[in-house]
Amino acid sequence: MILNWNGEAHLRRFLPSVVASTPPEVAIVVADNGSTDGSVELLQREFPTVEVILFDRNHGFTAGYNLALERVEADYYLIMNSDVEVTPGWTAPLIAALDAHADVAAVSPKILSCNDKRYFEYAGASGGFIDWLGYPFCRGRVLAEVEQDRGQHDGEREIFWTSGACMLIRSNVFWELGGFDVKFFAHMEEIDLCWRMHLAGYKTMVQPQSVVYHLGGGTLPNNNPQKLYLNYRNNLAMIYKCSMRPSRHLTLFLRMFMDAGAAMVYFATGNFAFARKVFLAHADYTRWKPELRRQRAALKERYCSDDELCRAADSIIAPNIYRGSIVARYFLGCRRFGKLL
């Protein structure tokens, strides 16, 4: 399932590899989020074997995928961005991983950069993790530092989150958890979903035998203030909703000061739009909290209502949360995943 919005150039560049390297038993569906470019005409003209679902407007990443996946029947959903190039045999290791591990709900391939295929790609690399303050990082990418792929992260292993750029999910688990949180719109929604998977007793993993190449920044480029806003807001919402640890309040308290510090840096360096978006993200998160409080209560009642259930969830979650500060370690010179976990 590929979600597209005004991505005609990406479809023209990347979809041929998907069609050529995907076995016939795996259906390819493109859900178009109300594109106003030539995306739909391109699909109908040049990719007749690809099923197309049409929406009349842009529902965002979260609602778009939820609405599209409601229309298909499958045991597994393979969710993938439109700016991903795949390699021969890429689906088989992912499917085999879910077939072999009944307690694994989602699996990610190794994601390398389309711009320089020697390096990991920022949004996923070889498996996602977070630290106790909620900052995401990857096996192969610590904050802004991206490693060259020399096979150092080729082992299959459990992770904390699978990348929204490309991941295979059990359909029954996806709907058991209500799919993506539509209020997120885009960014951090896959980490939020994986966190809820862990609370429900499932694991997530990376299978680097499957390799894809991701361009990244296809819809919102990295220098877009709105992308920054969504990342800050959604990260806070995810922590508030999904963390069942008593330290949650301390985490959010510290994040308030750390995010304010980041905004000050943006302001001091002339990035006024970025600074404004950080404060706006916190304001909107605060307004969102009553709804998040209800969602958290529902998760707690369902999955962590007693000590035994909480211990079971924590046994899955805890090993894949870094107990230090990834920001502090980064600025102290630790910029390789292998020095952390």
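Structure above, values below:
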| item | result |
| --- | --- |
| Loop-located chymotrypsin sites (Phe, Trp or Tyr not before Pro) in the stretch 1-58 whose Cβ has at most 13 other Cβ within 10 Å (DSSP) | none |
| Computed [θ] at 222 nm, deg cm²/dmol, the chain (DSSP H ≥ 4; -39,500 (n - 2.57); rounded to nearest 500) | -14000 deg cm²/dmol |
| Mean Kyte hydropathy of 1.0 or more with a Cα span along the axis of at least 27 Å, helices from DSSP in the chain | none |
| GNM result for the chain, Cα springs below 10 Å: residue of 195, 161, 175 fluctuating most strongly | 175 |
| Label point distance in nm, residue 145-residue 301, each placed 7 Å from Cα along Cα→Cβ | 4.6 |
| Cβ-based exposure ranking for 133, 168, in which fewest neighbours within 10 Å come first | 133, 168 |
| Linear extension gain, residue 44 paired with residue 260, 0.36 nm per residue minus alpha-carbon span | 73.0 nm |
| Share antiparallel - DSSP beta bridges, the stretch 2-214, percent rounded to 5 | 55 |
| Top of 103, 149, 314 by mean-square fluctuation, Gaussian network on the chain, Cα under 10 Å | 103 |
| Residue among 31, 97, 20 with the largest mean-square fluctuation in a Gaussian network model of the chain, springs linking Cα atoms under 10 Å | 20 |
| Average Cα contact separation per residue, the stretch 174-283, under 8 Å, 6 or more apart, as relative contact order % | 26 |
| Read-out Rg and Dmax of the Cα atoms in Å, derived from the coordinates shown; its label in [x] 19.4, 57; [y] 26.9, 99; [z] 23.3, 102 | [x] |
| Positive-end extreme of charge dipole, the chain - chosen from 247, 223, 55 (charges on Cβ) | 247 |
| Unsatisfied cross-links (Cα-Cα over 26 Å) in the set 110/339; 203/241; 183/300 | none |
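Each reported figure results from applying straightforward, stated rules to the coordinates on display, with no laboratory input. Please read these numbers as outputs of a predicted model, since none were measured by experiment. Positions of Cβ are backbone-derived with ideal geometry, glycine not excepted, and every protein chain shown enters the neighbour counts.
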